[in-house]
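The values are calculated or read from the model by the stated rules, or taken from the named source; none is laboratory data. Keep in mind the model is a prediction, meaning the values are calculated, not measured. Don't worry about glycine lacking a Cβ; one is built from the backbone with ideal geometry, like all the others, and counts go over all protein chains shown.
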Amino acid sequence: LWHDEHAETPTFSDRIELDLEAVEPSLAGPRRPQDRVPLRDAQSAFRQSLDYYLPSGDGSGSAGDRPPMNAHDEAVAESYPASDPPADGAPGHEPLAASQPQLPAPERGAATLEPARARARVTINGESFELEHGHVVIAAITSCTNTSNPSVMIGAGILARNAVARGLHTKPWVKTSLAPGSKVVTEYLDRAGLTEPLERLGFNLVGYGCTTCIGNSGPLPEPISRAVEDAELAVVSVLSGNRNFEGRINSDVKMNYLASPPLCVAYALAGTMDIDITSDPLGTDERGEDVYLSDIWPSGQEVAQTVGQVVRADMFRRSYDDVFAGDERWNGLEVPAGERFAWDESSTYVRQPPYFQDMPREAPPVRDISDARVLALLADSVTTDHISPAGAIKRDGPAGIYLQSLGVAPKDFNSYGSRRGNHEVMMRGTFANVRLRNEVAPDTEGGWTRHQPDGEQMSVYDAARRYQQGGVPLLVIAGREYGTGSSRDWAAKGVALLGVRACIAESYERIHRSNLIGMGVLPLQFLPGEGRLSLGLKGEESYDIEGLAGGVTPRQTVTVRARRPDGGETVFRALCRIDSPLEVEQYRQGGILPLILRRLLSTGG
């Protein structure tokens, strides 16, 4: 950054070489940000993935099969952003890319079967059309990341202008939106004359900040939502966001792809993922001639020239000079006086949490865990979005029922993200992701489990309450990459408040593992080569975890006994993923909050 001709030539211990000729347009999806798909292979990759999302019998495979994995990058385990590092495995644990069976990415031009043609007739505003698997129902230019890049935003605007000039239209089933992270974006789009063509295609400004990317897309039009549900359609969203985990974007949308803003516009024009967007026409112009993506794609020179003409540093200074001033409503808020927070018992947004309820002044000794039951038995890549969703609250779920009991109408539910100050909502939302597959309750999707030993199926929250009333400790058992995704503290808070005492997984995302310890939940890891499948764990067992009472030490091994309903027993060893003396102390104290409070009490602070 500060290099000049007089600076010494630096010596680097590592060198990363990048072949620019190997860089090509890509998407990511349909369920994880790291699942990169070359744009030229997007159609065939979509078709390969589709069968996972179809109901049984509607496709060539079972809806319970794992979705195909792309051989997208050999270094997938090293390609996470800094906030989402790869799962931290036990010694000898192979990277996921090397050890998990994968299907090769489809070759260019490779033939793939057309998807099963489930259809639903929909009429909106007098226009009738058929909705199918793969139809793009959400196309959103969103998120602070992509919209902070003037080149891709200007590129999207120019592509929209070119499309309008050729007479193209957004397909009627696509819900479009523009939500930049800064007002500067709309200012330079206005100056470039690109706001109008974006709006012509439906990309109207809906606000500034987190929208579709965090699950705040709003509902689909009711006829489309009903058709998706009735016909069990696997429809698609395309967004310029950061994350696309299952159930995050919209509860009606099963497949989600991350793309650049120009590609969001292009897929809104195409209206489907079941198209080779690099070679198939997006539509026809007024003369009936096919229009291809290459016909309307802006040149790099045009984008750079436009950016140079309309983007100025003073635009950012003007927008952010008074960023902390606030408007009249913000400045008119009443702020209670006093040293302690004034809890409002009537508030449905902020309630006093029970983290210190019945906390003794001295930490009790650590004990073994006995007669525990499994609340959730999960597969690989369960994200913090699966554990603690951030988007819409279902009216008939535990959180929605709770809010309605307080007089909150469904239209005022807002989102889980906005209710994080209310532990009652967040507890009920834990494991409530509509795409969660809990193997304790097979053939279900969403926040369901079975209470043991009676086997009654109920919501995760209701089962946890019943277990707590009976004094039964709980476990979560998972595969690899448990807790990957957003570093969401509520993914640890929620399970702790539900009564989960320990998690046993094949590997953990680093931050989530730390957060579990911070909430007093014990992270255990299967030894290499073992897991829920190889050990035959079904979630019906009663569990003892032995070896804790003598004092926890970093990365010790413990004994786990799983007693089956038939009287049999499976015994295995597990690695304690408390990795440092500081984490030992946090766990011994019951979490970081009791630890800090006891320190304050001991020092008179």
*Do we find a residue being buried (at least 19 other Cβ atoms within 10 Å of the Cβ), over 30 Å from T557 (Cα atoms), in contact with a helix residue (DSSP H, G or I) (Cβ under 7 Å, 6 or more places away or on another chain) and modelled with pLDDT under 95 anywhere in segment 149-169?*
no
*Give the residue, chosen from D322, D295, D371, that is more than 30 Å from L595 (Cβ to Cβ), surrounded by 10 or more Cβ atoms within 10 Å (Cβ to Cβ) and among the acidic types (D, E).*
D295
_Odd one out for G536, checked against (1) in contact with a strand residue (DSSP E or B) (Cβ under 8 Å, 6 or more places away or on another chain); (2) without any contact (Cβ under 8 Å) to a residue 40 or more places away in the chain; (3) closer than 22 Å to L593 by Cβ_ = (3)
*V253: part of a loop (DSSP other than H, G, I, E, B) and out of contact with any Leu (no Cβ under 6 Å at 6 or more places or on another chain), yes or no?*
yes
*Looking at segment 498-533, which of its residues are more than 17 Å from S381 (Cα to Cα) and of a type in the set (D, E, K, R)?*
R501
*Checking Y587 against (1) of a type in the set (F, W, Y); (2) touching an Asp or Glu at 6+ places or on another chain (Cβ under 9 Å); (3) assigned to a helix (DSSP H, G or I), the condition it does not meet*: (2)
_Residue under evaluation G550, criteria (1) more than 33 Å from the chain's Cα centre (by Cα); (2) under 19 Å from G483 (Cα atoms), criterion not met_ = (2)
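Only residues that are of a type outside the set (S, T, N, Q) and not in a loop (DSSP other than H, G, I, E, B): list them for segment 436-459, please.
Residues satisfying the conditions are W448, R450, H451, E456, M458.
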*Output the residues belonging to segment 494-512 that are buried (at least 24 other Cβ atoms within 10 Å of the Cβ), within 17 Å of the chain's Cα centre (by Cα) and charged (D, E, K, R).*
E509
_Here are the criteria: (1) over 30 Å from S128 (Cβ atoms); (2) without any contact (Cβ under 8 Å) to a residue 40 or more places away in the chain; (3) buried (at least 17 other Cβ atoms within 10 Å of the Cβ). Tell me which single one L178 does not satisfy._
(1)
*Which fully enclosed helices (runs of 4 or more DSSP H) of segment 340-435 have 2 or more residues being β-branched (V, I, T)?*
384-387
*Count of segment 462-480 residues which are more than 18 Å from A505 (Cα to Cα) and surrounded by fewer than 23 Cβ atoms within 10 Å (Cβ to Cβ)*: 9
*Which of the following residues is outside the structural domain of F526 (by TED's automatic domain parsing), out of contact with any helix residue (DSSP H, G or I) (no Cβ under 7 Å at 6 or more places or on another chain) and aliphatic (A, V, I, L, M): I477, I401, I393?*
I401
_Lone unmet requirement of (1) touching a helix residue (DSSP H, G or I) at 6+ places or on another chain (Cβ under 8 Å); (2) of a type in the set (A, V, I, L, M); (3) part of a loop (DSSP other than H, G, I, E, B) for V335_ = (1)
_So, in segment 280-290, how many residues would count as being surrounded by 11 or more Cβ atoms within 10 Å (Cβ to Cβ) and over 23 Å from S44 (Cβ atoms)?_
3
*Positions within segment 366-412 being more than 22 Å from N250 (Cα to Cα) and touching a strand residue (DSSP E or B) at 6+ places or on another chain (Cβ under 8 Å), in sequence order*: D368, I369, S370, D371, A372, R373, V374, L375, A376, L377
*asked:* Let me spell it out: the conditions are (1) surrounded by fewer than 24 Cβ atoms within 10 Å (Cβ to Cβ); (2) outside the structural domain of L378 (by TED's automatic domain parsing), and Y416 meets all of them except one. Which number is the exception?
replied: (1)
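So which of S405, S299, S388 is modelled with pLDDT of 95 or more and within 30 Å of A574 (Cβ to Cβ)? Lay out the reasoning, then the answer.
Details: S405 fails: within 30 Å of A574 (Cβ to Cβ); S299 fails: within 30 Å of A574 (Cβ to Cβ).
Among S405, S299, S388, only S388 is modelled with pLDDT of 95 or more and within 30 Å of A574 (Cβ to Cβ).
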*Count of segment 497-547 residues which are over 18 Å from G485 (Cβ atoms) and in a loop (DSSP other than H, G, I, E, B)*: 19
_Could you check segment 410-445 and list, in sequence order, the residues that are of a type in the set (G, A, S), at pLDDT below 95 and within 15 Å of the chain's Cα centre (by Cα)?_
S415, G417
*Restricting the search to segment 124-137, which residues are surrounded by 11 or more Cβ atoms within 10 Å (Cβ to Cβ) and either in contact with a Leu (Cβ under 8 Å, 6 or more places away or on another chain) or touching a residue at least 40 places away in the same chain (Cβ under 8 Å) (or both)?*
I124, F129, L131, E132, H133, G134, H135, V136, V137
